[in-house]
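Data first, discussion second: the structure below is written as structure tokens.
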Amino acid sequence: MPTAAPERPAELPGEKAGSARAGRSFALPRGLGRTAARISALTVCQGALMVGLGLLITGPARGVWPLSVEDDVNKGFEHARTGTLTTMSYLGSEAGDTLTVIAVTVLVCAGLILIPRLPMWRQAAFLAVAVALQSLVFLVITESVDRHRPEVDRLDPSPPTSSYTSGHTGAATALYGGLAVLALTRLRGPWRRIVGGLLLLVPVVVAVARLYRGMHHPTDVMGGLANGSLSLLIVGRALFTDGTVTAPVETSPAPSAASAGAAVAPGRGRTAVIFNPTVTGEADCEALRKVLERHGHRAPVFIETTAEDPGTGQTAAAIRDGAQLVVVCGGDGTLRASADALAGSGVPLALVPCGTGNLLARNLGLPLSPTAALDAALRGAPRPIDLGRIEGDGLTATHFAAMSGAGLDAAIMEHTDDRAKSVLGWPAYVLAGVGALRTPRMRLTVRLDDAPALHRTARMVLIGNVGTVQGGTTLLPNARPDDGRLDLLILDPRGVGGWMRALTTLLRGGAKATHRPSAVDTVTAQDGDGSGVPVEFFSFRRAELAFGDAQSRELDGDPVTPGRLLTAEVRPGALTVLLPTGGA
């Protein structure tokens, strides 16, 4: 845990000319050679996969269901034609036309580069390269796989390319899927998901239109969807999650007179706002200030975290100076650092989620909009919640508020680049997880409270004060932040079938875990080769985990030094949080 840094004068973002904001830079990365090489290698694999599937579809699997009924599907679309549907299908097909895709790509990329104050080179490159690679792979596929178009009345002239894959569908997937990613990560407010969802529907509309117009078999449009999606995944992973790529820093502008005058020296107010400047900008701070003043918190003190001290020292200093409310603006890492200083102090915390995961805020029922979350907290009442206290070899004793773990989840955190999180949000973890799946199985010994030691193998162990992660997925079904206990998940899927069964179990909310530390609910399935798929849940007050080899470890989403030991125990009611009625 970083030691407390000397307290610094309060500053709003942008008050230090020349300060680095690498986490918020949108310039193209340095190390383009290695990035290009990685994209090229993965694109070759993509092309080989798509060609292999095409040769399988047109060869050995040609008469196998569902390929055997593809002609019936095409004839069904032909019989369903009407004048109105034909017109609608024309419009849908044109959305994936080559000229349309090129024009939209050029216009959007030009807008991303020319319109913002800071050109979004990385986003523009993401979109342009994904569309271009999809087209390149499409050309390789059509040259390698010869497939005739459906034997129905076709409403468009037949191009000289193979029916497999659908170029319209692939191009639409790369373009509109890429736009959906940008919309979901750059827009704010309720329109973000609406716009993103509508954009994701466009490739589906294009695919149905191409089937309706008799231009492709069903597997052709499915191949187009896969081709475009793989291009997005490859380019997105290379540009946003490749840890070898470095982005140039952004120099903050000199402070305006108004913002300089707004700064308040720490220690003079009763409300301290600890904020992470990489995710909380000047406009955000001003909006939060207005919310605080509406609730009677005059002259709040704004204190930046730093790379050397992510919040512990600043929070401890604010408490010493008499702060009666601490507002924490940042992600789970900033919250953890501040909570470590707040533990046992009784000073209430108002949580303002500004990060990627925001797991504690989600589980406490807080809005994910910063101003809405602060307003809801200030309208609520103080409520004690638990913290986890954790230590290990090379890990100084500290606290966590949401989840900690070792193995796969920690490896994902290590592989997720900060720039990817700032651009993509929590989907960056999904991209990082592709590479982290190679994390080897570990051996461990688990001692829970006074129960006998358990010996296990696992891909991942997760200790939680809360149970739900992004997307509403519940990993720890019995975990609650105020029950005086912590919960443990041991996950050890084997083989493809094992992963599918384990994911199904977790998506269903898991099995009901018991509060007897010596008892365990084990969900076991068998895949084709007889491998077991244990998903085990425990509840405890104190746990000692010893690994056979040094493992990646994480605390509230932040990677820490790898090691072979973890000791976790609950601190009931150690943190006081302002929560709206009905929270948690």
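The values are calculated or read from the model by the stated rules, or taken from the named source; none is laboratory data. This is a predicted model, so every value here is computed, not measured. Glycine gets a Cβ as well: all are built from the backbone with ideal geometry, and neighbour counts include every protein chain shown.
Assorted remarks:
- Taking every residue in region 330-354 that is polar (S, T, N, Q) and pairing it with any residue that is assigned to a helix (DSSP H, G or I), at least 6 positions away or on another chain, the pairs with Cβ-Cβ distances below 8 Å are S338/T312; S338/Q314; S338/T315; S345/I319.
- The set of residues in region 41-94 being touching an Asp or Glu at 6+ places or on another chain (Cβ under 8 Å) and over 16 Å from V221 (Cα atoms) consists of E78 alone.
- Of A130, A124, A103, all but one fail to be hydrophobic (A, V, I, L, M, F, W, C), in a helix (DSSP H, G or I) and touching a Cys at 6+ places or on another chain (Cβ under 7 Å); the exception is A124.
- Residues that are at pLDDT 90 or above and over 15 Å from D393 (Cα atoms), drawn from region 557-571: E569, V570, R571
- Across region 465-477, the qualifying residues are those that are closer than 22 Å to A339 by Cβ and in a loop (DSSP other than H, G, I, E, B), and the one among them that is modelled with the lowest pLDDT is V469.
- Filter result for P353 (farther than 30 Å from T561 by Cβ and of a type outside the set (F, W, Y)): no
- When G54, G96 are checked against the criterion of being of a type in the set (G, A, S), under 31 Å from the mean Cα position of the chain (by Cα) and either farther than 21 Å from V181 by Cβ or not in a helix (DSSP H, G or I) (or both), G96 stands alone in meeting it.
Conditions tested, residue by residue: (1) modelled with pLDDT under 50; (2) more than 16 Å from V461 (Cβ to Cβ); (3) surrounded by 17 or more Cβ atoms within 10 Å (Cβ to Cβ); (4) among the polar types (S, T, N, Q).
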{"position": "V520", "(1), (2), (3), (4)": "yes, no, yes, no"}
{"position": "D529", "(1), (2), (3), (4)": "yes, yes, no, no"}
{"position": "V535", "(1), (2), (3), (4)": "no, no, yes, no"}
{"position": "F547", "(1), (2), (3), (4)": "no, no, yes, no"}
{"position": "S552", "(1), (2), (3), (4)": "no, no, yes, yes"}
{"position": "L555", "(1), (2), (3), (4)": "no, no, yes, no"}
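- Of the set (1) within 16 Å of T576 (Cβ to Cβ); (2) not assigned by TED's automatic domain parsing to the domain that holds G281, all apply to A350 but (2).
- Per-region count, region 74-98, residues closer than 17 Å to E151 by Cα and surrounded by 14 or more Cβ atoms within 10 Å (Cβ to Cβ): 5
- Qualifying position, being outside the structural domain of R122 (by TED's automatic domain parsing) and at pLDDT 90 or above, among G269, G261, G322: G322
- Among the residues of region 183-203, some residue qualifies, meaning at least one is touching a residue at least 40 places away in the same chain (Cβ under 8 Å), under 28 Å from I57 (Cα atoms) and not assigned by TED's automatic domain parsing to the domain that holds P370.
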